[in-house]
Amino acid sequence: MGPCVAGAAQPGHERSRGTIVQITVTVNGVTSSHDVEPRTLLVHYIREHLGLTGTNIGCDTSSCGACTVHVDGRSVKSCTMLAVQADGAEIKTIEGLASEDGTLHPMQQAFMENHGLQCGYCTPGMVMAAVSLLEEQPNPSERDVRLGLEGNLCRCTGYHNIVQAVLACAAK
Ligand code: FES
Ligand code: FES
């Protein structure tokens, strides 16, 4: 067997298994622990370990915002954070925004009423960022909303109704 054959163990060259770290996080009110590799991104942890696929990966440049979640109450692009950095944190994803009885969050309702709901890729991140925006700035101007959402991209450039939805939610 030659040296390039997959799986061929070479004396003195044991394969590295890498370090595994256990993390405990509370996601949408449920606390659980998982073993992860230190390199695991939070977005991969959310999607692959927890099966919460509303949080999307829309780029590989930390620029689209499709992966936006709330970590300890703050809006975070979960592709810019390692899962191990979230150890002990409270995380909310789009799946945790509506009430348990299914009542939509006011922002989800406003997106629906103002035709701000677009594709499944950008919308969850937009909604999560919009909720954070109003928590920090309850009475934003249109310019404030546009600036507040500038980290979230819609590749179809359909921003008008999204901005109207956020303003309508703020006015409620
Ligand atoms: S996937 Fe995180 S910003 Fe695009
Ligand atoms: S990227 Fe989602 S509607 Fe444009």
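The values are calculated or read from the model by the stated rules, or taken from the named source; none is laboratory data. Note that the structure is predicted; figures quoted are calculated from it, not measured. Ideal geometry is used to build each Cβ from the backbone, glycine not excepted, and the neighbour counts take in all protein chains shown. In case anyone asks, the SASA skips ligands and DNA or RNA and just uses the protein heavy atoms, side chains included. Shrake-Rupley method; radii C 1.70, N 1.55, O 1.52, S 1.80 Å.
A compact table of results
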quantity: Bins of 5 Å from zero: percent of alpha-carbon pairs in the chain; calculated: 1, 8, 16, 19, 16, 12, 9, 6, 4, 3, 2, 2, 1, 0, 0
quantity: Local electrostatic count, P138, Cβ distance below 13 Å [Lys/Arg +1, Asp/Glu -1]; calculated: -2
quantity: Per-residue ³J(HN,Hα) for the range 163-169, Karplus 6.51 cos²θ - 1.76 cosθ + 1.60, θ = phi - 60°, Hz, x for Gly and Pro; calculated: 4, 4, 5, 5, 5, 5, 5
quantity: Accessible surface of the range 14-147, 1.4 Å probe, proportion on carbon and sulfur as whole %; calculated: 47 percent
quantity: The range 21-91: C-alpha gyration tensor shape, a/c 1.5 cut-off, then a/b vs b/c; calculated: prolate
quantity: Loop-resident sites, the range 33-105, for trypsin sites (Lys or Arg not before Pro), counting at most 16 other Cβ within 10 Å (DSSP); calculated: R39
quantity: Under 5 Å, built H, 5+ apart or other chain: amide partners of T68; calculated: N56, S78, G125
quantity: Range in the chain, longest, excluding exposed GluC sites (Glu not before Pro) [loop by DSSP; at most 10 other beta-carbon atoms within 10 Å]; calculated: 15-99
